[in-house]
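Written out below as structure tokens is the structure these notes cover.
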Amino acid sequence: MEVLAGPTARLRITVTGVVQGVGFRPFVHQIATELGLAGFVGNDADGVFIEVEGDPGSVERFVSRLETDAPPLSRIERVRTIPIDVAGEGTFRIVASRPAPTGTALVAPDLTVCDECVAELEDPADRRFGYPFINCTDCGPRFTITLRTPYDRPDTTMAAFDMCPSCAAEYDDPADRRFHAQPNACPACGPRVWLETIVGEIPHGDGIDAARTLVRSGAVVAIKGLGGFHLACDARSRSAVAALRERKGRVDKPFAVMAADLSTARSIVFVDPAEASLLTSRERPIVLLRKRPGVHVSDLVAPGNGYLGVMLPYTPLHRLLLEPGDVWVMTSGNRSQEPIAYRNDEARERLADLADAFVMHDRDIHVPVDDSVVRILDGAELPIRRSRGYAPYPIALPMDVPPLLATGGELKATFCLAAGRHGFMSQHIGDMENLETLDAFGRAVEHMRSLFRIEPDLYATDLHPGYLSGAWAERVAGGRPVVRVQHHHAHIASVMAEHRVTEPVIGFSFDGTGYGTDGTIWGGEVLIADLAEAERAAHLRPVPLAGGDRTVRRPYRMALAHLWAAGIAWEPGIAAVEACPAAERRVLRTQLERGLNTVPTSSMGRLFDAVSSLAGVCHQATYEAQAAIELEALVDGHARGSYRFDLDGATIDPAPVLRALLADLDDGVPVPVVASRFHRSIAEMIGDVAGDLRTRTGLGTVGLSGGVFQNATLTTMTRRRLERDGFTVLTHRLVPPNDGGLALGQAVIAATRAR
Ligand code: ZN
Ligand code: ZN
Ligand code: FE
């Protein structure tokens, strides 16, 4: 900062970043007062504006403390200062917000109740003792209750509640930790909780104790939380979990659980220090953790899975509901395939057949936000679903982009609204296979546009001609350009973007399915990619996918197709052959031989399916990637050895892998060893292919993306091999490697091509 002359100086300061709804103005008021400075602070659509005047040294200290002492939830992106004329003010004030037509003030995500609020919540002498909506400037709901910016109470769903004199006094007192806490409330003036059944409200106080008793007695209770309704039941009760699966129409897909506290969590899963800090972080995601042998939750919670998704209570309401030792299934309040329910009336209707009772409250949720799912991999976070607690913090983009909207793919849909250096990745929307989800998508886009005031000039979407998200983009674009981005290129661009890499990389884009530039189904792709273009340098040898979806749901069909393509006979004794009814086998053989109703696929996900069935692990899948997840769950971490792919030019042929694997099984090698060798084979193949491509291109950076890299075993093995060979390895830390991260890649590719 320049040295200011004279006895008094005045600066106009603008601060951008996440600076609203996080206690920034009281913080500014406090340091200005401490330093004896006069002036004012307020919010506008860009962030926070400040003017300070006083002794030049103090003004200078003020500016540096803005950054060094900022409140915990804030994220400062930029502080700009301009010297202006002294005005001769005597005090420091907080002034009214200035609405402005443009600008992108950032909004904080919804964050877990803070320690100070928990202390009050548990203090019988506090006026908010046991109050489920306690919050302050450091914690509580934000994104889900905010209608528009600047963030002020009338622009949130708290507008319906008038503060009582005690709450208003806190709200108006710059020294109070609830100064301008927009969701501020207490039992006298704020939202309330009640328990109801189909018949109506049960007069039972707030119903929290009654709800807990219901869950413990085996009932399914719908609980309205921060971003929508959960369906809860006792995770230790086999019959309760079975009933929930039955009602939801969910066969095997794992449920997440909420454990009352960290020590309760440790009783069912292994938790290392990095995982403990993620579990207790203010984002409070569901963390995928290794099950303890003989876990004390029902085997129906996550059948066939080595991991259990666990979260800790993140709202005051959850803290009041669960007592130490409680482990509850907490799954999204919806029927399979539908978006999460989040409005009271809607929940009463849609969840009527699913829940025995409802824990309701009257603080409206403006937009639904599902729980996030994260795992720790090699000491770092790997997002599986980026939603509550993370959205809508922007991803810092590697370059300036025009206002644009990328609409993602089909499964695990998210979108990316971007402008300048900000990529706002949406919360998780769901699988875009029905109109309900498409509607939810449209509403989420509208909400983000109204928060960040971004009017897209450019749209990006997947190359697939049949995705609803693509048709939606074409319609909404209304003639503005829509860039179609190849699926696997978008995956690689997303991992590049989050590492701010713009130079070309060797990209391994491995997933279940994505539309290729040749109209076939890709998914085992090696790309030489930058943010504009991608060259398909190598790929898994295509095999015929017979009958599409049917084969995706029945891995034994994929196994037979792989054997057929490899010229391996369908011998009795092979688990996949035994699993396929004889009549189906005959039809399948005819289909494969004549190429009837088949599409070639180079999918790595489908190779995992095939191997899972060949090893006798999973023949029928009721959720995406089930066969691969169950195969990974069996891997013997101490086993040695691998199989070798045939690398012939651009084709990666798994035939020798399949032959060796069947020979192992024939010799009685245990399945966990075979599973380990198969995983290592892929890591070794990646190392070999990357080595060849480095020789050809001179590139030394490898990007790993696509849903297959959610597999912790594979990703760790691959990273070790590549790093041993001297490669720089990019893996995901900010957005998921699965299709939930696609929109980020689409956004940077569209922006690069638009230049
Ligand atoms: Zn708090
Ligand atoms: Zn009050
Ligand atoms: Fe994908």
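Brief remarks on what is shown
- Filter result (surrounded by fewer than 24 Cβ atoms within 10 Å (Cβ to Cβ) and more than 31 Å from the chain's Cα centre (by Cα)) within the stretch 601-619: 616
- Within the stretch 284-297, considering residues that are part of a loop (DSSP other than H, G, I, E, B) and at pLDDT 95 or above, the one least open to solvent (accessible area, probe 1.4 Å): 285
- Scan of the stretch 198-219 for residues that are among the basic types (Lys, Arg) and open to solvent by 90 Å² or more (accessible area, probe 1.4 Å), ordered by number: 216
- Picking from residues in the stretch 725-737 that are within 24 Å of the chain's Cα centre (by Cα) and of a type in the set (A, V, I, L, M, F, W, C), the one that is most open to solvent (accessible area, probe 1.4 Å) is 734.
- Filtered by the rule that a residue be under 20 Å from residue 384 (Cα atoms) and not hydrophobic (A, V, I, L, M, F, W, C), the stretch 610-626 gives 622, 623, 624, 626.
- Residue 421 meets each of the listed conditions (1) more than 29 Å from residue 211 (Cα to Cα); (2) in contact (Cβ under 8 Å) with a residue 40 or more places away in the chain apart from (2).
- The single condition among (1) open to solvent by 10 Å² or more (accessible area, probe 1.4 Å); (2) part of a helix (DSSP H, G or I); (3) touching a residue at least 12 places away in the same chain (Cβ under 8 Å) that residue 347 does not meet is (1).
- Residues that are in a helix (DSSP H, G or I) and hydroxyl-bearing (Ser, Thr, Tyr), drawn from the stretch 518-568: 551, 556
Let's see how each residue does on (1) at pLDDT 95 or above; (2) more than 21 Å from the chain's Cα centre (by Cα); (3) part of a helix (DSSP H, G or I):
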position: 230; (1), (2), (3): yes, no, no
position: 233; (1), (2), (3): yes, yes, no
position: 242; (1), (2), (3): yes, yes, yes
position: 245; (1), (2), (3): yes, yes, yes
position: 254; (1), (2), (3): yes, no, no
position: 258; (1), (2), (3): yes, no, no
position: 271; (1), (2), (3): yes, no, no
position: 276; (1), (2), (3): yes, no, yes
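- Matching residues in the stretch 60-91 - criterion: being farther than 30 Å from residue 139 by Cα and either among the aliphatic types (A, V, I, L, M) or touching a His at 6+ places or on another chain (Cβ under 9 Å) (or both): 82, 84, 86, 87
- Residue check for residue 144: away from ligand 3 (no atom under 16 Å from the Cβ), closer than 21 Å to residue 229 by Cα, free of Cβ contacts under 8 Å to residues at least 60 places away in the same chain and part of a helix (DSSP H, G or I): no
- Residue in the stretch 370-386 that is more than 27 Å from residue 445 (Cβ to Cβ) and of a type in the set (Val, Ile, Thr) present: yes
- Selection from the stretch 65-85 of residues that are more than 34 Å from the chain's Cα centre (by Cα) and polar (S, T, N, Q): 81
- Residue 54 crowded, with 21+ Cβ neighbours inside 10 Å and under 27 Å from residue 149 (Cα atoms): no
- Failed condition for residue 427, given (1) under 18 Å from residue 340 (Cβ atoms); (2) at pLDDT below 95; (3) not hydroxyl-bearing (Ser, Thr, Tyr): (2)
- Looking across the stretch 86-104 at every residue that is among the β-branched types (Val, Ile, Thr) and modelled with pLDDT under 75, the one that is least open to solvent (accessible area, probe 1.4 Å) is identified as 104.
- Of all residues assigned to the stretch 443-461, at least one qualifies as being within 18 Å of residue 706 (Cα to Cα) and within 16 Å of ligand 3 (Cβ to nearest atom).
- Summed over the stretch 738-755, the residues that are in a helix (DSSP H, G or I) and either open to solvent by 10 Å² or more (accessible area, probe 1.4 Å) or within 16 Å of ligand 1 (Cβ to nearest atom) (or both) give a count of 4.
- Answer residue from the stretch 171-197, given it is within 30 Å of residue 22 (Cα to Cα) and assigned to a strand (DSSP E or B) and is most open to solvent (accessible area, probe 1.4 Å) among those: 194
- Residue match in the stretch 235-256 (condition: in the same structural domain as residue 118 (by TED's automatic domain parsing), open to solvent by less than 10 Å² (accessible area, probe 1.4 Å) and under 16 Å from residue 112 (Cα atoms)): no
- Note on the stretch 451-486: residues that are in a helix (DSSP H, G or I) and either open to solvent by 50 Å² or more (accessible area, probe 1.4 Å) or not assigned by TED's automatic domain parsing to the domain that holds residue 417 (or both) amount to 4.
- Residue check, residue 210 away from ligand 1 (no atom under 16 Å from the Cβ), among the aliphatic types (A, V, I, L, M) and in a helix (DSSP H, G or I): yes
- Put simply, of 113, 118, 193 the only residue that is modelled with pLDDT of 95 or more, of a type in the set (Val, Ile, Thr) and either within 16 Å of ligand 3 (Cβ to nearest atom) or farther than 28 Å from residue 393 by Cα (or both) is 193.
Condition check ((1) at pLDDT below 95; (2) within 16 Å of ligand 1 (Cβ to nearest atom); (3) under 21 Å from residue 317 (Cβ atoms); (4) of a type in the set (Ser, Thr, Tyr)) across all residues:
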position	(1), (2), (3), (4)
137	yes, yes, yes, yes
148	yes, no, no, no
151	yes, no, no, yes
154	yes, no, no, no
157	no, no, yes, yes
163	no, no, yes, no
181	yes, yes, yes, no
185	no, yes, yes, no
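- Residue in the stretch 501-513 that is part of a helix (DSSP H, G or I) and either surrounded by 18 or more Cβ atoms within 10 Å (Cβ to Cβ) or within 16 Å of ligand 2 (Cβ to nearest atom) (or both) present: no
- When the stretch 387-404 is filtered for residues that are over 19 Å from residue 532 (Cβ atoms) and out of contact with any helix residue (DSSP H, G or I) (no Cβ under 7 Å at 6 or more places or on another chain), the ones remaining, listed by number, are 387, 388, 389, 390, 393, 394, 396, 403.
The values are calculated or read from the model by the stated rules, or taken from the named source; none is laboratory data. No experiment lies behind these values; they were computed from the predicted model shown. With ideal geometry, Cβ positions are generated from the backbone for all residues, glycine too; neighbour counts draw on all protein chains shown. These area figures cover heavy atoms from the full protein model, side chains too; ligands, DNA and RNA do not enter into them. Shrake-Rupley method; radii C 1.70, N 1.55, O 1.52, S 1.80 Å.
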